[in-house]
Amino acid sequence: DTTVKQNPRYKLARVGKPVNLICSQTMNHDTMYWYQKKPNQAPKLLLFYYDKILNREADTFEKFQSSRPNNSFCSLYIGSAGLEYSAMYLCASSRSANTGQLYFGEGSKLTVL
Amino acid sequence: AQSVTQPDARVTVSEGASLQLRCKYSYSGTPYLFWYVQYPRQGLQLLLKYYSGDPVVQGVNGFEAEFIKSNSSFHLRKASVHWSDSAVYFCAVTGYQNFYFGKGTSLTVIP
């Protein structure tokens, strides 16, 4: 099974409210990623977990939080959503030792009103 | 800085025609290069990858790509496209864990 699952697929949030997106994989991959994808833009890496070590991109460091309670799950948390957070959020996983391909979920589309 | 450029946002071709989607990258180390495809309402899927060796790599569904180091390019090709190839194609580069993507090229194949 090479499936990465994301929940929810669609999320509507009010400005200022928190948002929590969930990702799971059953491939025992050591690395899990979160990307933000806006129309006509490249997927932007937000952060990734290598095992239990969280790496966040410098320009999104304060905007997004994440947790990885076990190898299979990874969350993306927005404490206070703003209009600029409206986007598709893509979760992916990989076996880093393989310098490997990313396996993507179908995405969670967040709309902030 | 690491980056990927896909200069063509949209490409339209007729079914049966040949295809080239362009990709240029900027990467300071040894690049590992990928093409991903996203069909409507689906996640990104790997089409092909290049790590080393033969600069021409074969992927699924008749796609291939050529790594040209001197030009920092990794263009995707297909000899004869099918209507089902209509999708968005993303080029990506990595050295280890950070993957950098281009903006994507939306391909429309006219029957």
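Please identify the longest segment of chain B free of exposed chymotrypsin sites (Phe, Trp or Tyr not before Pro), where exposed means a DSSP state other than H, G, I, E or B and no more than 15 other Cβ atoms within 10 Å.
The answer is B:1-50.
Ranked highest first by the average count of other Cβ atoms within 10 Å around their residues, in what order do A:6-14, A:32-40 fall?
So the peptides A:6-14, A:32-40, ranked by packing, come out A:32-40, A:6-14.
Could you check how much of the accessible area of the protein assembly as shown is carbon and sulfur, as a whole percent, using a 1.4 Å probe?
On the way: 5390 of 10980 Å².
About 49 percent, which is the carbon plus sulfur part of the accessible surface.
What's the buried accessible area, both sides, between A and B using a 1.4 Å probe, rounded to 100 Å²?
Numbers: alone 6540 and 6210 Å², together 10980 Å².
Looking at A and B, the buried total is near 1800 Å².
Counting only other chains, what is the mean number of Cβ atoms within 10 angstrom of the Cβ of each residue in peptide A:45-53? Can you show the working numbers first?
Numbers: counts 5, 0, 0, 3, 0, 2, 0, 0, 0.
Across A:45-53, the average partner-chain Cβ count within 10 Å equals 1.
Name the aspartates and glutamates eligible as straight-distance cross-link partners of A:K44: C-alpha to C-alpha under 14 Å, and not fewer than 8 places from it in the same chain.
Within the straight-line cut-off, A:K44 pairs with A:E57, A:D59, A:E84.
Just the number please: accessible area per residue for the protein assembly as shown, 1.4 Å probe, all protein chains included, in Å².
Values: 10980 Å² over 224 residues.
Solvent-accessible surface per residue comes out at 49 Å².
For region A:47-113, run through the GluC sites (Glu not before Pro) and keep only the ones in DSSP coil with at most 11 other Cβ atoms within 10 Å of their Cβ. Working shown, then result.
Values: sites: A:E57, A:E62, A:E84, A:E106; in loops: A:E57, A:E62, A:E106.
When the GluC sites (Glu not before Pro) of region A:47-113 are filtered for loop state and at most 11 Cβ neighbours within 10 Å, A:E62 remain.
Just to check I understand the Karplus step: with θ = phi - 60° and J = 6.51 cos²θ - 1.76 cosθ + 1.60, what whole-Hz values come out for region B:90-95, glycine and proline as x?
Coupling constants for region B:90-95: 10, 9, 9, 9, 8, x Hz.
Over 18 Å between Cα atoms, which of A:K38/A:K109; B:K24/B:K103; A:K38/B:K78; A:K5/A:K52; A:K17/B:K103; A:K11/A:K109 qualify?
Where the Cα-Cα span goes over 18 Å, the pairs concerned are A:K38/B:K78; A:K5/A:K52; A:K17/B:K103.
List the trypsin sites (Lys or Arg not before Pro) in region B:1-70 that DSSP assigns to loop (not H, G, I, E or B) and whose Cβ has at most 13 other Cβ atoms within 10 Å. Which are they? It would help to have the intermediate numbers written out before the result.
Details: sites: B:R10, B:R22, B:K24, B:R41, B:K49, B:K69; in loops: B:R22, B:R41.
Qualifying residues, ordered by number: B:R41.
So what J values fall out for region A:7-20 if you push phi through Karplus, 6.51 cos²θ - 1.76 cosθ + 1.60 with θ = phi - 60°, rounded to Hz, Gly and Pro as x?
Ordered by residue, 3J(HN,Hα) equals 9, x, 6, 9, 9, 10, 9, 8, 4, x, 8, x, 9, 10 Hz.
Return a whole-number percent for the relative contact order of chain B, with Cα pairs under 8 Å and 6 or more residues apart as the contact set.
Answer for chain B is 37 percent.
For A:E84, what is the net charge nearby, where nearby means another residue's Cβ is under 10 Å from its Cβ and Lys, Arg count +1, Asp, Glu -1?
Surrounding charge for A:E84 is +2.
Report the Cα centroid-to-centroid distance between region B:1-27 and region B:73-111 in angstrom, as an integer.
So the two Cα centres are separated by 6 Å.
Work through the residues other than A:T31 whose Cβ is under 12 Å from its Cβ and net out their charges, Lys, Arg +1 and Asp, Glu -1.
+1
The values are calculated or read from the model by the stated rules, or taken from the named source; none is laboratory data. Since the model is a prediction, treat every value here as computed from it, not as a measurement. Note: ideal-geometry Cβ built from the backbone for every residue, glycine included; neighbour counts use all protein chains shown. Ligands, DNA and RNA are excluded from the accessible area calculation, which covers all protein heavy atoms including side chains. Shrake-Rupley method; radii C 1.70, N 1.55, O 1.52, S 1.80 Å.
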